[in-house]
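Asks: Please see the structure below; I have some questions.
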Amino acid sequence: MASFRWRARGRERSQVGPTTRCPTRRGNAAIRLMVGVGFGLAILAIAATPAAAQRRRGLAIGYVYPAGGQRGSSFEAVVGGQFLTGAERIDVSGSGVQAEITELVQPITGKELNDLRIEIDELLARRAVVKQDPLALEQFRSFRNAKSAPGAEPPRDDLAELKKKYAGATWTDADETRLRQMRQKLSSSVRRPANPAIGELAILRVRVADDAPLGPRELRIATPRSLSNPLTFQIGALPEFSAKPVTSISQRASDVAKTAAAPKQRRAAELPVAVAIPAVINGQMLPGRVDRYRFTATQGQRLVVAAAARSLIPYIADAVPGWFQATLAVYDDQGTELAYADDFRFDPDPVLSCQIPADGQYVVEIKDAIYRGREDFVYRITISPLPFVTSVFPLGGPAGDRVDVELRGWNLPVRRLTVDNRDQTPGIRMLSLGDQDWQAEPVPFAVGELPECLEAEPNDQPSQAQGVKLPTIVNGRIGEPDDVDMFCFEGKAGDEIVAEVVARRLNSPLDSILKLVDAQGGTVAMNDDHEDKGAGLITHQADSWLRATLAADGVYCLHLGDMQHRGGPEYSYRLRIGPPQPDFELRVTPATISVQTGASAKLTVYALRRDGFDGEIALRLRDAPRGFSLEGGSIPADQDQIELTLAAPRAPLSEPINLNLEGHATIDRRQVVRPVTPAESMMQAFAIHHLVPAQELRVLVTGRDLSRRVATLLTAGPARIPAGGTTKIRLGPVPDVNLSRVGLRLAGPPEGIRIKDITRVGDNVEVLLESDAAKVRAGQKGDLILIPARKPSADRGPAKQKIARAFMLPAVSYEIVDP
């Protein structure tokens, strides 16, 4: 599914300049729509969604706060998640960061709640007897009445029985303290959190070494048998300020709504928190809040204020539009607004630049655009006079060469530098900018393998079209509003031509549109937006791609413009023109695997095919430790994904490890090898899924050896299933399992394939697979994942089936054949 489109067409603003302002305060289209629908719906979406709609079942974490720290510091952090029982360690990628869990905060269980009430009941009864105090007796009776079931008759207390039970009892100050503590615990305990997906907390102590490498890391939490999904955790060089973390669990959705009721009144009542700049400010945005921070600045300083919110937690499953939409503003000590931003071009995270007019006190303000909030609305604000690059040109260069690059931005000590691509392979890399005297945030930079040239103006009329020789990559920019760049080339009848713009994927605000015309001006092909499933972090995929077969010999012209009629120095692009360049990229989910020794875990690998490549892709492990293997492992031709299993070694590993996969394919009679990028499948706003890249594929192998319980495929080769017919596969040896209670099911089976019957043959099991001729086709290939599952019974419907760990199964390759 295409990425969620954050703005209505024609309403997107460029926000790069001396001062970023939004005089109307109307925000983007999605936020305006939310306001029109009503604030109550937003609160409902945040607070009332069941856990099943938010995250996958099992150990999962939703936020870490603060989401980073300064090199050389030590601080407390909080991780919010679900199913954290047994959490014992923190796994942070890279070196120089250590963290330990000091406390777990979890909802109270039914048994704990009952035991607590019993203890309070007994303490109140003993106090009433010992003190002979009517008030103490009334408190005891009130407590018993309050804990009785609704509608039930209040329990009768027999004072004579109580006096007999507690004859000779005493009441001390320690007893009074214990009673007070128990009653406080009861009043503050949470049985059902408002947001189960973040309803459990792990309190951490984090230490960052003085020499810890700077930049983003991945943080996971581990139990003895499970490792969580990753979260972004930043290591920086600037001093950091963190507001006190929320270490309690929200109890009711209604509490969230009440907290958000009067944001303007809350804003007026809250005083700014003093911080010293340059600094990174960490906070959690709660409902209805407006967080403000006061700092001192001097006349003439050019400050850059940048918020990280959506970049920390890219997608929130139960929030509309699907992330924390932060807004930033800077005020002087008289309350006059100096700068405002609710995004940075097409990026939801706002960035603004502000030149300080006079020495004095200033305030930076952050809030959600419609005053939503929750513990996982985590942010980091960087305030500094340090260099900030807003754009580079060109956006890339050829591999094996040096490229002169022009920089634009704020507080930059240089305007040009040379990028060395001599040791770089084709693709997009993060380019570090600066030297020992200055550093700026890395920017994406493309490395190409085709000949390259620069756009030459004027070229905005057919008579002025710039001639290019194919294949080529043109580095250019739409320099002003309504500018159109035109490129002409010689073509022959039957030639296939692909034209692709890479701009948004390289941080350019260009919303490109491509049109290919023939010598008579007739349109051959046109494209506005083309989705790249590998660009899961882009909210509006605005890069263009077209493919056409030329009808006749002659001169053809390619027109490139901005769909919103905008332009400027930052509206750069890379335009590839030439014959198709078939290729592919690969993603694997999840980015974290927890598996028992000798058992198997399921993976999904996605093929992102380029320029019409439709061949088979063989998957392999690269430099994997001994004992790991892939079961299944080829993405069939014409298919975009496959499920397979990873077999674990028979001995546990003391620590999680990184695994690397790669894909092998034959393209134009040459062998092509591409890495498989780990990713998380993240849901946005209840429905839309995105593949969000991760840094590592992290694997935890624990538990006792299950290899004796792992069935192997005894049938040679792939299962050949006739279209509309059946075939048998044999698995074994299978432990002595009662097949009347434990059966098999297919996990995410291809449409038209099902298990028809299962029978035991000695120590083995035969599975009869059936296909529907109307839903399958001859030549179709893939892997089937068979999962042991309890069969439904009278008191256990199909919806309550649970996986039985009676025996483990590998992936089974299949092929549909003619009847």
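The values are calculated or read from the model by the stated rules, or taken from the named source; none is laboratory data. None of these values were measured; they are calculated from a predicted model. Cβ: placed from backbone, ideal geometry, glycine included. Neighbour counts: every protein chain shown. Protein only, heavy atoms only, side chains kept; ligands, DNA and RNA dropped before computing areas. Shrake-Rupley method; radii C 1.70, N 1.55, O 1.52, S 1.80 Å.
Asks: How many of the residues in segment 347-362 are within 14 Å of T327 (Cα to Cα) and either crowded, with 23+ Cβ neighbours inside 10 Å or among the aliphatic types (A, V, I, L, M) (or both)?
Replies: Residues in segment 347-362 being within 14 Å of T327 (Cα to Cα) and either crowded, with 23+ Cβ neighbours inside 10 Å or among the aliphatic types (A, V, I, L, M) (or both): 5 in total.
Asks: Can you tell me which of V767, V776, V812 is assigned to a strand (DSSP E or B), at pLDDT 80 or above and either open to solvent by 40 Å² or more (accessible area, probe 1.4 Å) or in contact with a Gly (Cβ under 9 Å, 6 or more places away or on another chain) (or both)? Break it down stepwise before answering.
Replies: On the way: V767 fails: either open to solvent by 40 Å² or more (accessible area, probe 1.4 Å) or in contact with a Gly (Cβ under 9 Å, 6 or more places away or on another chain) (or both); V776 fails: assigned to a strand (DSSP E or B).
Step by step, each of V767, V776, V812 is checked, and only V812 is assigned to a strand (DSSP E or B), at pLDDT 80 or above and either open to solvent by 40 Å² or more (accessible area, probe 1.4 Å) or in contact with a Gly (Cβ under 9 Å, 6 or more places away or on another chain) (or both).
Asks: Which residue is nearest to V474 (Cα to Cα), if the candidates are limited to segment 538-564 and must be over 32 Å from the mean Cα position of the chain (by Cα) and outside any strand (DSSP E or B)?
Replies: Among those residues, the one meeting the criterion is L550.
Asks: Give segment 430-439 a look and list any residue that's open to solvent by less than 90 Å² (accessible area, probe 1.4 Å) and either out of contact with any strand residue (DSSP E or B) (no Cβ under 6 Å at 6 or more places or on another chain) or hydroxyl-bearing (S, T, Y) (or both), or say none.
Replies: The answer is S432, D435, W438.
Asks: If you don't mind, there's one more thing I want to ask. Quick one: how many residues across segment 65-121 are of a type in the set (D, E, K, R) and closer than 30 Å to D175 by Cβ?
Replies: Total satisfying the criteria: 7.
Residues checked against (1) farther than 26 Å from D343 by Cα; (2) hydrophobic (A, V, I, L, M, F, W, C); (3) touching a His at 6+ places or on another chain (Cβ under 6 Å):
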residue: A542; (1), (2), (3): no, yes, no
residue: W545; (1), (2), (3): yes, yes, yes
residue: A551; (1), (2), (3): yes, yes, no
residue: Y556; (1), (2), (3): yes, no, no
residue: M563; (1), (2), (3): no, yes, no
residue: G567; (1), (2), (3): no, no, no
residue: E570; (1), (2), (3): no, no, no
residue: I577; (1), (2), (3): yes, yes, no
residue: D583; (1), (2), (3): yes, no, no
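To keep it simple, each residue is scored yes or no on (1) among the hydrophobic types (A, V, I, L, M, F, W, C); (2) modelled with pLDDT of 95 or more; (3) buried (at least 19 other Cβ atoms within 10 Å of the Cβ); (4) farther than 17 Å from L352 by Cβ.
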residue	(1), (2), (3), (4)
A297	yes, yes, yes, no
V304	yes, yes, yes, no
A307	yes, yes, yes, no
L312	yes, yes, yes, yes
I316	yes, no, yes, yes
P321	no, no, yes, yes
A326	yes, yes, yes, no
D333	no, no, no, yes
T336	no, yes, no, no
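Asks: Tally the residues that are over 27 Å from I316 (Cβ atoms) and in a helix (DSSP H, G or I), restricting the search to segment 167-202. Can you show your working first?
Replies: Of the residues in segment 167-202, the ones over 27 Å from I316 (Cβ atoms) are 167-187.
When the remaining residues are screened for being in a helix (DSSP H, G or I), the result is 173-187.
Result for segment 167-202: 15.
Asks: Which pairs have Cβ atoms under 7 Å, sit 6 or more apart or on different chains, and link a residue in segment 175-201 that is within 26 Å of G62 (Cα to Cα) to one that is polar (S, T, N, Q) and open to solvent by less than 30 Å² (accessible area, probe 1.4 Å)?
Replies: P196/Q82; A197/Q54; A197/Q82; G199/Q82; E200/Q82
Asks: Inside segment 410-448, can you point out the residues that are of a type in the set (S, T, N, Q), within 30 Å of the chain's Cα centre (by Cα) and within 19 Å of V305 (Cα to Cα)?
Replies: Of everything in segment 410-448, just one residue is of a type in the set (S, T, N, Q), within 30 Å of the chain's Cα centre (by Cα) and within 19 Å of V305 (Cα to Cα), namely Q439.
Asks: Looking at V208, V275, V280, which is the one that is touching a Leu at 6+ places or on another chain (Cβ under 6 Å) and at pLDDT 80 or above?
Replies: V280
Asks: So P442 clears everything in (1) in a loop (DSSP other than H, G, I, E, B); (2) open to solvent by 30 Å² or more (accessible area, probe 1.4 Å) except one condition, right? Which one?
Replies: That leaves (1) as the condition not met.
Asks: Still on this structure: Determine the pairs where a residue that is in contact (Cβ under 8 Å) with a residue 40 or more places away in the chain and surrounded by fewer than 20 Cβ atoms within 10 Å (Cβ to Cβ), located within segment 464-484, has a partner that is of a type in the set (K, R) and assigned to a strand (DSSP E or B) with Cβ atoms under 9 Å apart, the partner being 6 or more residues away or on another chain.
Replies: Close Cβ pairs satisfying both conditions: P471/R576; T472/R576.
Asks: Considering G62, G96, which residue is surrounded by 16 or more Cβ atoms within 10 Å (Cβ to Cβ) and on the phi > 0 side of the Ramachandran plot?
Replies: Values: G62 fails: on the phi > 0 side of the Ramachandran plot.
On inspection, the qualifying residue turns out to be G96.
Asks: Here is a follow-up. Mind listing just one residue for me: the one in segment 479-496 that is among the acidic types (D, E) and not in a strand (DSSP E or B) and, of those, farthest from the chain's Cα centre (by Cα)?
Replies: Taking the candidates together, the pick is D495.
Asks: Between residues in segment 412-436 that are closer than 11 Å to P398 by Cα and residues that are β-branched (V, I, T) and open to solvent by less than 60 Å² (accessible area, probe 1.4 Å), which pairs lie under 7 Å by C-beta distance while being six or more apart or on different chains?
Replies: V419/V403; V419/V405; N421/V403; N421/V447; Q424/V447; T425/V447; P426/V447; G427/V447
Asks: Just to be sure before I move on: is E218 touching a Ser or Thr at 6+ places or on another chain (Cβ under 9 Å) and modelled with pLDDT of 95 or more in the structure I sent?
Replies: yes
Asks: Could you list all residues from segment 565-624 that are assigned to a loop (DSSP other than H, G, I, E, B) and either polar (S, T, N, Q) or in contact with a Phe, Trp or Tyr (Cβ under 7 Å, 6 or more places away or on another chain) (or both)? Outline the logic, then answer.
Replies: We begin by selecting, within segment 565-624, every residue assigned to a loop (DSSP other than H, G, I, E, B); these are 565-571, 579-582, 590-591, 597-599, 611-616, 622-624.
Correct list: Q581, P582, T597, F613.
Asks: OK, next. Answer with yes or no whether E365 is surrounded by fewer than 17 Cβ atoms within 10 Å (Cβ to Cβ) and at pLDDT 95 or above. Steps first, answer last, please.
Replies: Working: surrounded by fewer than 17 Cβ atoms within 10 Å (Cβ to Cβ): no; at pLDDT 95 or above: yes.
No, not satisfied.
Asks: Can you go through G110, G80 and tell me which one is open to solvent by less than 50 Å² (accessible area, probe 1.4 Å), at pLDDT below 85 and within 30 Å of V246 (Cα to Cα)?
Replies: G110
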